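Some notes on the structure that comes next.
The values are calculated or read from the model by the stated rules, or taken from the named source; none is laboratory data. What you are looking at is a predicted structure, and each value in this text was computed from that prediction instead of being measured. Cβ sites come from the backbone with ideal geometry, for glycine too, and all protein chains shown count toward neighbours.
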Amino acid sequence: MPDKHVIQLALAFDKGYLTPFYTLLTSLFQHNSGNQVTLHVIATGLTQVEQQGIVDFVVDRGGDIKFYVIENVDVTQFVMPDHEVTYLSPAIYYRLFFPFLIRDVSRLLYIDVDTLVVGDLHEIFSFDMQNCPAAAVTDTDIPIRSELGIFSTEEYFNSGVLLIDIPAWKKQQITEKALQIIQEKPQLIKQYPDQDALNMALKDNWFRLPTAYNLMRLYVPNEVPKRRFTEFLKAQKIIHYNGKKPWNSDCEHRLRHVYQHYARLSPCAGASSIKKVKLSKEKRDKLLRSRLIEFYFDSPELMAFWRKLKTLMSR
Ligand SMILES: [Mn+2]
């Protein structure tokens, strides 16, 4: 039997994200049984029993896991958005510290815990990153951030999936640069703190990954109807529920039900139900509109009928 590919993943979360974390692990091991998976985890607020539960889960599936603790840095002092983005916690900053905590690993894939792994990840570990310290997926959904020195949406990446070349990252002091921005320009990066700081620190110095590695909502077109999801997902690697979360009723990600699927298979199956979120009338209307659009694309009969009607009316 050929040697298994080794894949090194970094994950960071705090106790409020235990269910999504298990859901992510469930999807990961289902699609990477041919790989030797090592997880590097920073988790805060877990009990000993919860931590041991995670170790057992990973070891049962043939993986390795290491926990890390950040010392001497209090990320709770770092800038956080003050508007209604309640799903962000200071854990967003943990990604900056992995290159210093992990020994004997040269390439590391950091992934947010609001993701699912739906494909084999080993190929990414042999991508030619063209000497860049990091690789990521462009986030064209964000308005141009000229205040950060970034003048095109194509030049801004989403930090939810970050492939890190640790030696290059350290040599070019990316963490130091990002921390300096966080300390010196907190007002500038208030809305997307870690992501803005990393975009500034890595400006013109990151390799573009295919969108399959960070499938945000914007990369799932409405035109892909529900009945083709299985086929569509075959070419994808990591689904990212950026923005509204799939465990809440106001999620607009087209693939939100895929999260429910893996949550039901996870050890947190009991906690997989969708939480109802109270919305203002304006937001309710917006959500209803997006649900109707989905319904339209999911219903071939409705589409055919509508097209016919339009043709008749334009005569
Ligand atoms: Mn995320």
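Some observations on this one:
- Residue list for region 30-44, restricted to those being touching a strand residue (DSSP E or B) at 6+ places or on another chain (Cβ under 7 Å) and either in a helix (DSSP H, G or I) or not aliphatic (A, V, I, L, M) (or both): HIS31, ASN32, ASN35, GLN36, THR38, HIS40, THR44
- Some residue of region 122-135 being within 14 Å of the chain's Cα centre (by Cα) and either acidic (Asp, Glu) or over 26 Å from GLU154 (Cβ atoms) (or both): no
- Every residue from region 45-96 that is assigned to a helix (DSSP H, G or I), at pLDDT below 90 and more than 16 Å from VAL113 (Cα to Cα): VAL75, THR76, GLN77
- Residues that are away from the ligand (no atom under 16 Å from the Cβ), farther than 15 Å from THR211 by Cα and either charged (D, E, K, R) or assigned to a loop (DSSP other than H, G, I, E, B) (or both), drawn from region 97-128: ILE102, ARG103, ASP104, VAL105, SER106, ARG107, ASP128
- Taken over region 45-77, the criterion of being of a type in the set (Gly, Ala, Ser) and over 23 Å from ASP104 (Cβ atoms) is satisfied by GLY45, GLY53.
- You will find that of TYR219, TYR241, the residue that is under 22 Å from THR115 (Cα atoms) and at pLDDT 95 or above is TYR241 and no other.
- Flag if SER290 is more than 17 Å from HIS253 (Cα to Cα), in the same structural domain as LYS244 (by TED's automatic domain parsing) and either surrounded by 13 or more Cβ atoms within 10 Å (Cβ to Cβ) or not aromatic (Phe, Trp, Tyr) (or both): no
- Tally, over region 135-169, of residues that are in contact (Cβ under 8 Å) with a residue 40 or more places away in the chain and more than 16 Å from the ligand (Cβ to nearest atom): 13
- Qualifying position, being of a type in the set (A, V, I, L, M) and touching a residue at least 40 places away in the same chain (Cβ under 8 Å), among ALA271, ALA304: ALA271
- Residue check for ILE92: touching a Gly at 6+ places or on another chain (Cβ under 9 Å), assigned by TED's automatic domain parsing to the domain that holds GLY160 and within 16 Å of the ligand (Cβ to nearest atom): no
- Per-region count, region 234-269, residues away from the ligand (no atom under 15 Å from the Cβ), outside any helix (DSSP H, G or I) and more than 23 Å from LEU9 (Cβ to Cβ): 3
- In this entry, GLY160 is excluded by the filter for residues that are under 30 Å from HIS31 (Cα atoms) and outside the structural domain of VAL117 (by TED's automatic domain parsing).
- Residue check for ALA135: at pLDDT 95 or above, closer than 19 Å to LYS237 by Cβ and not acidic (Asp, Glu): yes
- Look at (1) assigned to a helix (DSSP H, G or I); (2) more than 16 Å from the ligand (Cβ to nearest atom) and you find that SER273 fails only one, number (1).
- The helices (runs of 4 or more DSSP H) found wholly in region 129-229 include none carrying at least 2 residues that are surrounded by 15 or more Cβ atoms within 10 Å (Cβ to Cβ) and among the aromatic types (Phe, Trp, Tyr).
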